[in-house]
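Q: My structure is below; once you've seen it, I'll send some questions.
The values are calculated or read from the model by the stated rules, or taken from the named source; none is laboratory data. A quick note: this is a predicted structure, and the numbers were derived from the prediction, not measured. Cβ sites come from the backbone with ideal geometry, for glycine too, and all protein chains shown count toward neighbours. These area figures cover heavy atoms from the full protein model, side chains too; ligands, DNA and RNA do not enter into them. Shrake-Rupley method; radii C 1.70, N 1.55, O 1.52, S 1.80 Å.
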Amino acid sequence: MENDSDHTDMNQRITTTDAFKGQLEQVFNAYIKLKDAFVGDDSRTASTSAKTLLNAMKKVDMKQLTDHEAHNHWMTISKEVSGSASSISEISDIEEQRSHFKHLSAHLSKGVKLFGVNQKVYEQFCPIADNNKGAYWLSLNEPIKNPYLGAKMLTCGDTKTVIVK
């Protein structure tokens, strides 16, 4: 089997500068606050946290990514995460916000897997979120606190992947 060295496996860690990793960690920390707002069924805090996440995204210096493929991965992830965060910040209906959060989580998860954020991260999944289509989110804690269902079913879901530092 040939090894395609020009293609980065999405599950393979890409080495980056400490500066880039630190900037991505700030984005991730803002994401955790956003996730916690959804766990608490708080659309106003979700909107504010999404703005914080957007500001953190603007501070990520992609010039730190000298590898062409890493740069391209980040361009896609960045566009999707920023778009979703912007939508969350501009609307007040929590179910609509959660729909955008599903998209944001899927893309930020790729970024965390590819580049790392200096922390152990749990990728978790609820099978009944999003009208039984299921949805993933990231957490710093293994016990489930569901951002898609909040108080309705706080502990629905399980950990699918542990992303190491």
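Q: Kindly provide the set of residues from segment 82-104 that are open to solvent by less than 10 Å² (accessible area, probe 1.4 Å) and without any contact (Cβ under 8 Å) to a residue 60 or more places away in the chain, ordered by number.
A: 84, 85, 88, 97
Condition check ((1) touching a Cys at 6+ places or on another chain (Cβ under 9 Å); (2) surrounded by 17 or more Cβ atoms within 10 Å (Cβ to Cβ); (3) more than 17 Å from residue 29 (Cβ to Cβ)) across all residues:
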{"site": "64", "(1), (2), (3)": "no, yes, yes"}
{"site": "122", "(1), (2), (3)": "no, yes, no"}
{"site": "126", "(1), (2), (3)": "yes, yes, yes"}
{"site": "141", "(1), (2), (3)": "no, no, no"}
{"site": "159", "(1), (2), (3)": "no, no, yes"}
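Q: Please verify whether residue 101 is over 16 Å from residue 37 (Cα atoms) and aromatic (Phe, Trp, Tyr), treating the condition exactly as stated.
A: On the way: over 16 Å from residue 37 (Cα atoms): no; aromatic (Phe, Trp, Tyr): yes.
No; evaluated as a whole, the condition is false for this residue.
Q: Do we find that residue 33 is in a helix (DSSP H, G or I), open to solvent by less than 50 Å² (accessible area, probe 1.4 Å), closer than 30 Å to residue 126 by Cα and of a type outside the set (Phe, Trp, Tyr) in this structure? Spell out how you get there, then give the answer.
A: Numbers: in a helix (DSSP H, G or I): yes; open to solvent by less than 50 Å² (accessible area, probe 1.4 Å): no; closer than 30 Å to residue 126 by Cα: yes; of a type outside the set (Phe, Trp, Tyr): yes.
Against the criterion (in a helix (DSSP H, G or I), open to solvent by less than 50 Å² (accessible area, probe 1.4 Å), closer than 30 Å to residue 126 by Cα and of a type outside the set (Phe, Trp, Tyr)), residue 33 does not qualify.
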